[in-house]
Amino acid sequence: MDAADGVGDGDWGARSVTALRNHERDYDALAERLARRGQRAETVVQAVGRFAVAVPSWALGTGGTRFGRFPGPGEPRTLAEKLADVAVVHRLTGAAPRVSLHIPWDEPDDVPALRALAAELGLGFDAVNSNTFQDQPGQPLSYKLGSFSHPDAAVRRQAVEHHRHVIEVGQVLGADAITVWLADGSNYPGQMSLRQSFDRVLDCLRDVYAALPAGWRLFTEHKPYEPAFYATVVQDWGSSLLLAQALGERAQCLVDLGHHLPNTNIELVVARLLGAGKLGGFHFNDSKYGDDDLTAGSIKPYGLFLIFHELVLAEHERLAGFRPAYMIDQSHNIKDPIEDLLQTVDQLQLAYAKAQLVDHAALTEYQESGDVLLAERALKDAFETDARPLVAEARRRAGAALDPVLAFRASGYRARVAAQRTAGGYIPPQSL
Ligand code: LRH
Ligand code: MN
């Protein structure tokens, strides 16, 4: 099978030819229905075609929990194999052209070589991620009691140095942002000064901000708890916004969907950060209780749609400085990591497509006239539209798969890499 052709050829069997025919009929039926609503399927297909999300380097293997890890066959053993797997996600969705690297978890031995390999695979690099939530072998000072908020100035300096190093690696890779998530916090009242710890974090972030290359952004990522179980220094969007506003215009807030207490209105958080010009990006995933890192759209699909509604509104309004970095942050415990990522990208494309179907003019009219029910229905009509043919069409035009998960299974890629990766040899990036 030629890697370039994404739809219904020999490898995906007769089913693919039938699938293509069915897709064309579904698409035409939907386009006709949308036209009756005064909407153009073509506009949404083109918008979905521009949508892209970055894959985290730490999500190509099985994550596991503290209770156990159930590794699957053919998991990548090297960064090169991880890139090969990301290339498969991009190949089948047409929408995952970048990797977000975590340092030192995925520190390249040869950074220029990694950049060249990624380019060969049609991939680039999104925001790099620092790590001061673990102690590395041979690390002089421990982060047990924090990093940027640590009482010992030497530990704070060590943490700032680490961030400078992460930026240097990112620069060689062609990235243009760094995401700073700090585990800093306390487990017991009294353990940590609640104000001084925040001031120390801001001071250290000023040093990191000063080290940003031209054109780079710094994303602050908030999280309510874990691993700190009493107070987390950057606990919520307000704390993150205070930091980003104090640092300067190239500092913005990153919203990890799993970093909100149950029932938090995350689309409202997104709207607030958009309004403040401080929405830097996302870590997409889903959760029922805590930071569960489940497949995006798997638990709260309407919530995901409402977040994309705020993003599409900002896009259509050409909101100043609107340039969110879309990234995934998930931990795959029981699904095949590649299949989970394919499903995730599909869910994000779908939520984005549905948000493009909102009749904004009608919505504004109902909001301004106080027609509560019809205003709500303007959103529900879009959410309840089966937009899958629009997403499949955008993928078809990008040479990707109508149904990425089924295409992946039909390709036999997992079985192939399982055979090769257990055999210990390195396998060059391969076509599906
Ligand atoms: C923290 C977090 C952060 C990453 C880590 C892998 O929970 O969301 O974004 O550094 O997960
Ligand atoms: Mn995250």
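Applying the criterion of being more than 16 Å from ligand 2 (Cβ to nearest atom) and assigned to a loop (DSSP other than H, G, I, E, B) to the residues of segment 49-59, the residue that is surrounded by the fewest Cβ atoms within 10 Å (Cβ to Cβ) is 52. Considering (1) within 16 Å of ligand 2 (Cβ to nearest atom); (2) under 17 Å from the mean Cα position of the chain (by Cα), the lone condition that residue 89 does not fulfil carries the number (1). Consider segment 84-119 and keep the residues that are among the small types (Gly, Ala, Ser), out of contact with any helix residue (DSSP H, G or I) (no Cβ under 6 Å at 6 or more places or on another chain) and within 19 Å of residue 61 (Cβ to Cβ). The one that is surrounded by the fewest Cβ atoms within 10 Å (Cβ to Cβ) is 84.
Total residues in segment 263-273 satisfying the condition of being within 16 Å of ligand 2 (Cβ to nearest atom) and either among the basic types (Lys, Arg) or assigned to a loop (DSSP other than H, G, I, E, B) (or both): the figure is 1.
Scanning segment 226-260 for residues that are within 14 Å of ligand 2 (Cβ to nearest atom) and without any contact (Cβ under 8 Å) to a residue 60 or more places away in the chain returns 232, 234, 237, 240, 253, 255, 257, 259, 260.
Answer with yes or no whether residue 316 is surrounded by 22 or more Cβ atoms within 10 Å (Cβ to Cβ), away from ligand 2 (no atom under 16 Å from the Cβ), farther than 25 Å from residue 124 by Cβ and in contact (Cβ under 8 Å) with a residue 40 or more places away in the chain. No. Only one entry in 122, 146 is free of Cβ contacts under 8 Å to residues at least 40 places away in the same chain and either exposed (fewer than 15 other Cβ atoms within 10 Å of the Cβ) or of a type outside the set (Lys, Arg) (or both), namely 122.
On the basis of being more than 30 Å from residue 386 (Cβ to Cβ), in a helix (DSSP H, G or I), touching a residue at least 24 places away in the same chain (Cβ under 8 Å) and small (Gly, Ala, Ser), does residue 113 make the cut? Answer is no for this residue.
Selection of segment 174-197 for residues being assigned to a helix (DSSP H, G or I) and either surrounded by fewer than 20 Cβ atoms within 10 Å (Cβ to Cβ) or within 16 Å of ligand 2 (Cβ to nearest atom) (or both) yields 194, 195, 196. Look at residue 177 and say whether it is over 23 Å from residue 283 (Cα atoms) and out of contact with any Ser or Thr (no Cβ under 8 Å at 6 or more places or on another chain). Spelling it out, it is not the case that residue 177 is over 23 Å from residue 283 (Cα atoms) and out of contact with any Ser or Thr (no Cβ under 8 Å at 6 or more places or on another chain). Counting only residues that are among the β-branched types (Val, Ile, Thr), touching a Leu at 6+ places or on another chain (Cβ under 7 Å) and farther than 18 Å from residue 164 by Cα, which one in segment 192-247 is farthest from ligand 1 (Cβ to nearest atom)? This residue is 233. Candidates in segment 248-259 are the residues that are under 18 Å from the mean Cα position of the chain (by Cα) and in a strand (DSSP E or B); of these, the one that is farthest from ligand 1 (Cβ to nearest atom) is 252. When the test is whether a residue is within 16 Å of ligand 1 (Cβ to nearest atom) and buried (at least 20 other Cβ atoms within 10 Å of the Cβ), residue 296 passes it. Let me spell it out: the conditions are (1) touching a Lys or Arg at 6+ places or on another chain (Cβ under 9 Å); (2) closer than 24 Å to residue 99 by Cα; (3) surrounded by fewer than 19 Cβ atoms within 10 Å (Cβ to Cβ), and residue 213 meets all of them except one. Which number is the exception? If we test residue 213 against (1) touching a Lys or Arg at 6+ places or on another chain (Cβ under 9 Å); (2) closer than 24 Å to residue 99 by Cα; (3) surrounded by fewer than 19 Cβ atoms within 10 Å (Cβ to Cβ), just (1) comes out false.
When you scan segment 128-146, do you find a residue that is farther than 27 Å from residue 78 by Cβ, assigned to a helix (DSSP H, G or I) and in contact with a helix residue (DSSP H, G or I) (Cβ under 6 Å, 6 or more places away or on another chain), even just one? Within segment 128-146, not a single residue is farther than 27 Å from residue 78 by Cβ, assigned to a helix (DSSP H, G or I) and in contact with a helix residue (DSSP H, G or I) (Cβ under 6 Å, 6 or more places away or on another chain). If you go through segment 271-278 one residue at a time, do you hit one that is modelled with pLDDT of 95 or more, buried (at least 21 other Cβ atoms within 10 Å of the Cβ) and either more than 22 Å from the chain's Cα centre (by Cα) or within 16 Å of ligand 1 (Cβ to nearest atom) (or both)? No, the conditions are met nowhere in segment 271-278.
Identify the residue in segment 102-155 that is within 16 Å of ligand 1 (Cβ to nearest atom) and among the β-branched types (Val, Ile, Thr) and, among all such residues, is nearest to residue 55 (Cα to Cα). The qualifying residue nearest to residue 55 (Cα to Cα) is 128.
The values are calculated or read from the model by the stated rules, or taken from the named source; none is laboratory data. These figures come from a predicted structure and were not determined experimentally. Virtual Cβ from ideal backbone geometry, glycine too; neighbours counted across all protein chains shown.
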